[in-house]
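Read the structure below first, then the notes.
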Amino acid sequence: MSASAPSAATPLVLVVEDEPAIASILCAYLEREGLRARTAADGNQALQLFRQLRPDLVLLDIHLPEVDGIDVLRTIRDEGQTPVIMVTALADDMDKLLALRLGADDYVVKPFNPPEVVPRVRAVLRRTQLRAHSAPAPIRVGAIEIDASAHSACVYDGEGLAQALPLTLTEFRLLSCLAAQPRRCFSRGYLIEQCLPESEALERVIDSHMSKLRRKLQLAGQDGLIETVRGIGYRLWPAA
Ligand code: CA
């Protein structure tokens, strides 16, 4: 085997694109840059190959026949943290925002130059690999445990039994952010920057996510864990 032959350690990119010409150009560029690439031509095939091949990254066109790209992204996010770069048309600002809110890692706008896409793919892969290698230990604050690498949070009851907290991505980010520095007051602006970086969210958007998060904590017996700091923002204040 020559040094440049792709091996199982070579990152695999799943290119989901219904225009065959674009798909094959993208694959050619990715392969020329030393990555492996496979293509799916519609949303159903994308999900099937995603589960079968477990790619390292998905390059995902938003407008697809069958299941569209946004729904494919939703499913991928339900199943894990595989990085996804969305491909959107120039005019689709709403799609772009929605995709980022749903947890896409980056986006490229059509029409694009394939040589410009490859460095984006590389950058996202680098970021995720870094993330994977530096997987932090779960954070425990009071009865709450947050596992950033598993992207999950749970609450322990008095008997040490864990109950999973069913959080959205934004709620998870908010809880992680507050729990990283208990008792510190975080402004809404800072929380937007950290937890909704892709959006041009208004500060009241944070209030709405936070009220849902607090309701979930309350249901899990963690009433009052997150405090509102009037006029500023929020903090997590675990019981002593
Ligand atoms: Ca398309």
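In region 55-108, which residue that is of a type in the set (D, E, K, R), in contact with a strand residue (DSSP E or B) (Cβ under 7 Å, 6 or more places away or on another chain) and open to solvent by 10 Å² or more (accessible area, probe 1.4 Å) is farthest from the ligand (Cβ to nearest atom)? For region 55-108, the residue satisfying everything is 56.
The lone criterion from (1) open to solvent by 50 Å² or more (accessible area, probe 1.4 Å); (2) within 12 Å of the ligand (Cβ to nearest atom); (3) touching a strand residue (DSSP E or B) at 6+ places or on another chain (Cβ under 6 Å); (4) not aromatic (Phe, Trp, Tyr) left unmet by residue 17 is number (1). Checked against (1) more than 28 Å from residue 183 (Cα to Cα); (2) out of contact with any strand residue (DSSP E or B) (no Cβ under 7 Å at 6 or more places or on another chain), residue 117 passes all but condition (2). Checking the stated criteria, residue 35 turns out to be more than 28 Å from residue 172 (Cα to Cα) and away from the ligand (no atom under 12 Å from the Cβ).
Filtering 175, 125, 167, 130 for residues that are more than 27 Å from residue 68 (Cα to Cα) and either in a loop (DSSP other than H, G, I, E, B) or modelled with pLDDT of 90 or more (or both) leaves a single hit, 175.
Taking the stated definitions as given, is residue 97 assigned to a helix (DSSP H, G or I) and at pLDDT 90 or above? It is false that residue 97 is assigned to a helix (DSSP H, G or I) and at pLDDT 90 or above.
Residue 161 meets the stated requirement of being at pLDDT below 85, more than 18 Å from residue 238 (Cβ to Cβ) and out of contact with any strand residue (DSSP E or B) (no Cβ under 8 Å at 6 or more places or on another chain). Of all residues in region 38-52, exactly one satisfies the criterion of being away from the ligand (no atom under 16 Å from the Cβ), closer than 21 Å to residue 114 by Cβ and part of a helix (DSSP H, G or I), namely 49.
The values are calculated or read from the model by the stated rules, or taken from the named source; none is laboratory data. This structure is a prediction, so every number in the text was calculated from the model and none was measured. Reconstructed Cβ throughout: ideal geometry from the backbone, glycine too, with neighbour counts over all protein chains shown. Just so you know, the surface numbers come from the protein's heavy atoms only, side chains and all, with ligands and any DNA or RNA stripped out. Shrake-Rupley method; radii C 1.70, N 1.55, O 1.52, S 1.80 Å.
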